[in-house]
Amino acid sequence: MTAPSRYSRALRCFIGIVEREFLRFLRQRSRFFASLVRPLVWLVIFGTGLRTMVDTGVAYEEYIVPGLVGLVLLFNGMQIALSMVFDREMGSMKVLLVSPLPRWYLLTCRLMAGVIVALPQVYAFLACAWLWGVRPPLNGYLYALPAVILAGLMLGALGLLLSSLVEQLENFAGVMNFVIFPVFFASTALYPLSRLSEANAVLAEVARLNPFSHAVELVRFALYGRIDSTALVATVVMTVVAMALAVWRYDSGRILRRSLAAS
Amino acid sequence: MTALEIRDVSHAYRKPALRGVSFSIEPGDFVLLLGLNGAGKTTLFSLIAGLLGLQQGAIRVLGHEAGRSTALAGCGFVFQQSALDLDLTVVQSLRYHAALHGLSRSDARKRIEQELERFGLAARMHDLVRTLSGGQRRRVEIARALLHRPRLLLLDEATVGLDVPSRRAIVQRVRAQCAEEGATALWATHLPDEVEPGDRTIVLHEGQVRDDRRDIAAASLPDYFARLIASEMAA
C-alpha cells in the first residue's frame with residue numbers, strides 16, 4: 001500500500017471536518033428551523049408592516065431579502081464561534097489541533113464546513129421568500145451562490161476571531177447579542193444608505209463602514225446578476241484579515257494557555 | 001533515535017508550572033509519569049502536543065520538533081479531559097479522527113472495526129457517545145488514539161474517574177497493545193497502583209522531575225509521595 005499524498009490527506013481531512021459539521025447539524029434540527037424562522041419573521045411581519053413606511057425604490061420585502069440572507073449568515077458565523085468555544089470547553093478542539101496538518105488549514109476547513117452547512121439554510125429561506133412573492137431572476141439564485149459563500153466566509157472568519165477572544169461559554173450569549181444586533185441594525189440590511197444619511201450622517205457612516213453592509217450588498221447585487229466591486233473587495237479583505245488574526249490567536253497557544261492556567 | 005526527548009523544559013503561567021524538566025524515552029518503552037494533581041503533567045503533555053508554545057528548553061518527538069505536523073503524525077493522544085463529540089456515534093467519532101489523519105475510507109473502516117473489537121465495543125459502534133458509560137468512553141478515546149497506528153502514545157490521566165476494575169482493564173489493554181505493536185507509551189497518572197514492578201517511572205512533583213527509575217515498587221509509592229510532600233513542607 002502506498003502512502004497517501006499530502007493533498008489526498010488534506011482532502012480527506014476537509015471531507016471529515018465537513019461530514020462532522022453536517023452530522024452535528026442534522027442532530028440539531030431545531031437549529032435549522034430557528035435559522036429560518038428568524039428571517040421569515042422579519043420578511044412576513046416587519047416587511048408587511050414597514051412596506052409603506054420605508055422608501056427603498058423597490059418593494060420593501062424585495063429590498064430586505066438580501067439583508068435577511070445576511071442575517072442567516074451572521075447567525076451562522078456566530079454559530080461557528082459558539083461551536084468553537086463549546087469544542088474548546090468540551091476538549092474536542094484538542095483533537096482537531098493535534099492532527100498532523102497546519103493549523104491554518106484546519107481552521108480554514110472548519111470555517112468552510114460551517115459555511116457549507118449554512119447554504120441549505122440560505123436557500124431554504126430564499127425558497128420561502130419566493131413563495132412570499134420575492135422573486136429575483138432564476139439565474140440570480142445561481143449568481144448569488146459565490147456571493148453567499150464569500151459573505152459566509154467573512155462572517156464565519158469574524159466568528160472564529162470572536163471565539164478566540166471569548167474565554168468562557170457562559171459569556172457567549174451576551175457577546176452574541178452585543179455583536180449581532182448592532183451589526184445588523186447599523187447596516188444596509190433593512191434600509192438603504194441614502195435614507196440613513198438623510199436621517200443621521202454618523203449612523204450612515206457607521207453603516208457604510210460596517211463589513212456586514214458589504215456582505216449584504218454583495219449578495220444583493222449578485223441576486224440580480226451584478227457585481228458590486230467595492231463590496232467584493234471589502235468582503236475579501238475583511239475575510240483575510242479576520243482569518244489571519246484568528247489563526248494567529250489559535251496558533252500562538254494563547255487560548256489553551258488561558259484554560260490551562262485557570263486549571 | 002529516541003522516541004521522546006525533553007531537555008531543560010520550563011514553563012510558567014502566573015507561577016512556574018514546570019522547572020528544568022529533562023528526560024528521554026527509548027522506542028518501545030512503556031513509561032509512567034507519576035505526579036500528584038497540579039504536578040505539571042498536563043502542561044508537559046500540552047507542550048509535547050504543541051498545544052502550548054515552548055517558553056524554555058527543547059522537545060523532540062520521534063526526531064522532530066514538538067508540534068510540527070511530522071511529529072504529530074506519529075503520535076496518539078488521550079487527554080485528561082474527555083474529547084469526544086457526544087452527539088456523534090462511536091463509529092462517526094472514530095471516522096472523524098481517521099479523516100483528520102488522512103486515512104482512506106476503506107482503511108478507516110477496517111481499523112475502526114479492529115480497534116472496537118479489541119476494546120470490546122463492537123456492539124456499541126452505532127450508539128451515540130452520550131449513551132456510553134465513563135469507562136466505555138475512555139476505551140473509545142484510547143481506540144481513537146491507536147487508530148492511525150502511532151509510534152508514540154501519550155496518555156494523560158487516561159483512567160481518571162473510573163472504578164478500579166475498569167482502570168485495571170484499560171491499563172492492561174494499553175500495555176498489551178503497545179507490546180503487540182512495538183509502540184512507545186508515556187502514561188501520566190496520579191494513581192500509584194498503575195505502576196507495575198519493572199516499569200520505568202518518572203516522578204514529577206511541583207514541576208520538577210524528582211525521581212526516574214525502574215525499581216519504584218507500587219506498594220511503597222503512597223509512602224513515597226507522603227515523604228515527598230513532608231520534605232517539601234519541611235523545606
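The values are calculated or read from the model by the stated rules, or taken from the named source; none is laboratory data. Predicted, not measured: the structure shown is a model, and the values here were computed from it. Ideal geometry is used to build each Cβ from the backbone, glycine not excepted, and the neighbour counts take in all protein chains shown.
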TODO: Would you check if there is a residue in the range B:118-137 being in a helix (DSSP H, G or I) and within 24 Å of A:Arg9 (Cβ to Cβ)?
DONE: no
TODO: Quick one: which residue in B:Gly35, B:Gly20, B:Gly40 is more than 23 Å from B:Arg175 (Cβ to Cβ), more than 9 Å from chain A (Cβ to nearest Cβ) and under 14 Å from the mean Cα position of the chain (by Cα)?
DONE: B:Gly40
Task: Identity of the residue in the range B:44-54, without any contact (Cβ under 8 Å) to a residue 60 or more places away in the chain and not aliphatic (A, V, I, L, M), that ends up farthest from B:Thr201 (Cα to Cα) - done: B:Gly53
- [ ] Tell me which residues, restricted to the range B:20-52, are touching a strand residue (DSSP E or B) at 6+ places or on another chain (Cβ under 9 Å), assigned to a loop (DSSP other than H, G, I, E, B), surrounded by fewer than 23 Cβ atoms within 10 Å (Cβ to Cβ) and not hydrophobic (A, V, I, L, M, F, W, C).
- [x] B:Glu26, B:Pro27, B:Gly28, B:Asp29, B:Gly38
Open item on the list: Can you pull out every residue in the range B:1-19 that is exposed (fewer than 15 other Cβ atoms within 10 Å of the Cβ) and closer than 29 Å to B:Ala183 by Cα?
Closed with: B:Met1, B:Arg7, B:Asp8
Task: For A:Met93: the one exception among (1) of a type outside the set (Phe, Trp, Tyr); (2) crowded, with 17+ Cβ neighbours inside 10 Å; (3) under 18 Å from A:Arg220 (Cα atoms) - done: (3)
Open item on the list: Being in a strand (DSSP E or B), within 20 Å of B:Leu154 (Cβ to Cβ), of a type in the set (Gly, Ala, Ser) and at pLDDT 95 or above narrows it down to one residue among B:Ala58, B:Ala98, B:Ala17; which is it?
Closed with: B:Ala58
TODO: Mind listing whichever residues of the range B:87-97 are facing another protein chain (nearest Cβ under 8 Å) and either more than 19 Å from the chain's Cα centre (by Cα) or over 14 Å from A:Arg12 (Cα atoms) (or both)?
DONE: B:Asp87, B:Leu88, B:Gln92, B:Arg95, B:Tyr96
Task: Any hit, the range B:82-91, residues being buried (at least 24 other Cβ atoms within 10 Å of the Cβ), among the polar types (S, T, N, Q) and not in a loop (DSSP other than H, G, I, E, B) - done: no
TODO: Could you check, for the range B:62-71, whether at least one of its residues is within 13 Å of chain A (Cβ to nearest Cβ), within 16 Å of B:Ala185 (Cα to Cα) and in a helix (DSSP H, G or I)?
DONE: yes
